[in-house]
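Readers should treat all values here as calculations from the given coordinates under stated rules, not as data from a laboratory. In this text the structure is predicted, and so the values were computed from the model without any measurement. Using ideal geometry, Cβ is built from the backbone for each residue, glycine included, and neighbour counts are taken over all protein chains shown.
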Amino acid sequence: MDRRELLQLGAAAAATTAFAPKALAQTPGVPAGWKNSLNAYSRTMHWVRTPEEVAQVCHEIGNTTIDLTVRAASQGSAAGHVLPEKVKTDLAPFVNGLKRNGITVQMIGMDVVDVTTPYVEDMLDAASSLGIHHSWWRGIPFPADMSYPKQLDALRPKVDALEKLYAKYQFKACLHPGGDFTRILDLCRPHDPRYIAIQYDTGNFGEFNQGNLANQIREGGPYIGGFVFKDSVIDHLTPEQQAAAAAARGAGRAAPAGAAPAGAGAAPARGGRGGRAGGGGSPNGWSSRQVQVGTGILNLPEICQALKDIDFKGPIENQPEWPELGGANTGQDKLTIPRAEVIRLLKQDYVTVSTPLAAAGVI
């Protein structure tokens with residue numbers, strides 16, 4: 001090969017590189033020295049109230065890190081481990097109490113909608129001073145009476161304001177989703193992923209095609225700021241079962257035995273706070289419901305490999321909401337089944353998810 005051919009080859013290679021997709025970078029906005037782990041979700045531990053008790057439960061499950069609830073009581077759930085109005089005085093003692101007992105808080109589960117959310121700045125200030133830099137973001141409802149482009153335009157000023165507030169405290173708002181992935185990613189993309197991101201929830205997005213789910217993770221890339229594992233199955237209900245489930249919902253009670261699975265055919269709940277794995281039931285009786293992770297549709301190795309492919313760094317957790325957890329699934333402060341059984345089930349979830357995460361090199 002002569003010099004001219006070599007130069008031509010080099011120019012062609014440079015041109016190809018210029019138009020090639022960029023390698024997906026590590027999730028931006030994580031603190032120096034961050035190490036991925038599988039968090040406990042403290043909503044499943046509202047039945048213990050002190051940091052020492054919470055830490056003990058974490059150790060029994062296998063967790064060394066946690067997503068700590070900073071919430072008022074609502075939607076059938078007991079109050080979080082710290083109340084928003086008391087965050088200035090109560091967060092540091094709780095976080096430091098966990099730390100003394102070997103548990104690190106990686107995220108705070110708070111119900112932020114926008115900058116007008118009560119106590120939002122108090123929560124960010126208190127948490128950032130403790131080295132916590134990830135929080136839930138409940139998101140902003142898309143106005144239904146507008147076209148899609150106008151919806152994004154209408155929401156943009158609110159997200160701009162939230163981004164500025166989170167940048168002030170070097171915090172990442174992780175949108176806990178309700179709705180479809182594409183529009184949520186479109187909402188986040190014009191913003192800095194150090195401050196505005198998505199807490200990808202395998203249940204709330206309701207993506208039953210696991211290849212599509214893995215591709216969404218790769219497409220989201222740096223905007224995947226946190227990750228939640230939930231599993232689900234699809235059930236087919238007879239007309240009689242649908243009617244019984246509808247009647248039970250209308251009366252505010254559990255469906256009769258054999259009538260419908262827990263949550264089947266119900267309207268979607270807010271992400272992370274209900275028992276749903278997907279949307280409402282279809283007219284011909286098909287519906288989804290959440291089940292223990294590893295017993296439903298999730299392809300855990302494929303999902304974990306997708307996280308590895310984007311070099312994901314951020315909070316990861318299980319959010320079990322299936323009814324067999326005896327009240328822990330809905331954040332109750334009292335259990336209806338033995339404590340040992342709750343620990344056994346949560347530990348089973350921990351092992352089921354942490355094993356493929358470790359095999360893929362994500363944790």
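Assorted remarks:
- In terms of surrounding Cβ atoms within a 10 Å radius of their Cβ, Ile132, Ile140, Ile198 rank from fewest to most as Ile140, Ile132, Ile198.
- Ranking of Lys308, Lys313, Lys164 by neighbouring Cβ atoms within 10 Å, starting from the fewest: Lys164, Lys308, Lys313.
- In sequence order, calculated HN-Hα J values of region 107-120 (Karplus, 6.51, -1.76, 1.60; Hz; x Gly/Pro): 7, 10, x, 10, 8, 8, 9, 7, 5, 8, 4, x, 6, 4
- Cα-based Rg / Dmax (Å) for region 190-232: 10.8, 32
- Sorting Tyr200, Tyr223 from the fewest to the most surrounding beta carbons within 10 angstrom yields Tyr223, Tyr200.
- Pairs beyond 26 Å (Cα-Cα), from Lys158/Lys308; Lys88/Lys230; Lys168/Lys347; Lys86/Lys164: Lys158/Lys308; Lys88/Lys230; Lys168/Lys347
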